[in-house]
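The structure appears below as structure tokens.
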Amino acid sequence: MRKIKIDERDFSDVHALMAQLKEALDFPDYFGESPAALRDCLGDICEPTRITIVRRDPTPDTWFDRASSIIVRASLENECLSVRIR
């Protein structure tokens with residue numbers, strides 16, 4: 001199983017997070033870093049993958065919160081993807 005950890009403290013903005021996810025999850029070169037592109041690429045994961053999301057800012061509706069929500073929703077639709085939130 002492929003295991004990825006994304007810690008909110010490690011990213012200054014959504015672009016840094018998207019770049020990390022692209023590399024860690026082998027997204028295609030044409031990955032566009034949009035919410036739709038993230039959903040699509042997470043839906044295409046065929047290898048068992050666990051993403052651990054470490055939240056640091058309890059404030060709702062931050063860019064990290066929105067990106068995390070996309071990842072969680074994708075895990076509900078793709079049986080190869082699981083998410084843990086800490």
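The values are calculated or read from the model by the stated rules, or taken from the named source; none is laboratory data. Because the structure is predicted, anything quoted here is derived from the model rather than measured. Counting neighbours? That spans all protein chains shown, and the Cβs are built from the backbone with ideal geometry, glycine included. Keep in mind that these areas ignore ligands, DNA and RNA; they rest on the heavy atoms of the full protein, side chains included. Shrake-Rupley method; radii C 1.70, N 1.55, O 1.52, S 1.80 Å.
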Sorted by chain and number, the residues with a modelled amide H under 5 Å from that of Val54, at a separation of 5 or more or across chains, are Ile6, Asp7, Glu8, Arg86
Suppose a student asked you for the relative contact order of the chain, using Cα pairs under 8 Å spaced at least 6 residues apart; what percent would you report? 39 percent
Just to make sure I understand: if all protein chains stay in place, what is the order of Met18, Met1 by accessible area at 1.4 Å, largest first? Met1, Met18
Value at 222 nm in deg cm²/dmol, rounded to 500, when DSSP H runs of n ≥ 4 in the chain each add -39,500 (n - 2.57): -12500 deg cm²/dmol
What whole-number value in Å² describes the accessible area per residue of the chain for a 1.4 Å probe? 60 Å²
Asp40 accessible area, 1.4 Å probe, all protein chains in place, Å² to nearest 10: 100 Å²
Quick one, which of (i) 0.99; (ii) 1.38; (iii) 1.04 is the actual Cα Rg over 2.2 N^0.38 Å calculated for this model? (i)
Charges on Cβ only, +1 for Lys and Arg, -1 for Asp and Glu, centred on the Cα centroid of the chain; of Ser82, Ile45, Phe64, which one is farthest towards the dipole's positive end? Ser82
The stretch 1-50: chymotrypsin sites (Phe, Trp or Tyr not before Pro) in DSSP coil with no more than 13 other Cβ atoms inside 10 Å: Tyr30
When the dipole is taken about the Cα centre of the chain, and only Lys, Arg (+1) and Asp, Glu (-1) are charged at their Cβ, what size is it in debye, to the nearest 20? 440 debye
The stretch 10-79: which trypsin sites (Lys or Arg not before Pro) are DSSP loop and have at most 12 other beta-carbon atoms within 10 angstrom? Arg56
Sort Glu8, Glu79 from largest to smallest accessible area, using a 1.4 Å probe on the heavy atoms of the protein chains. Glu79, Glu8
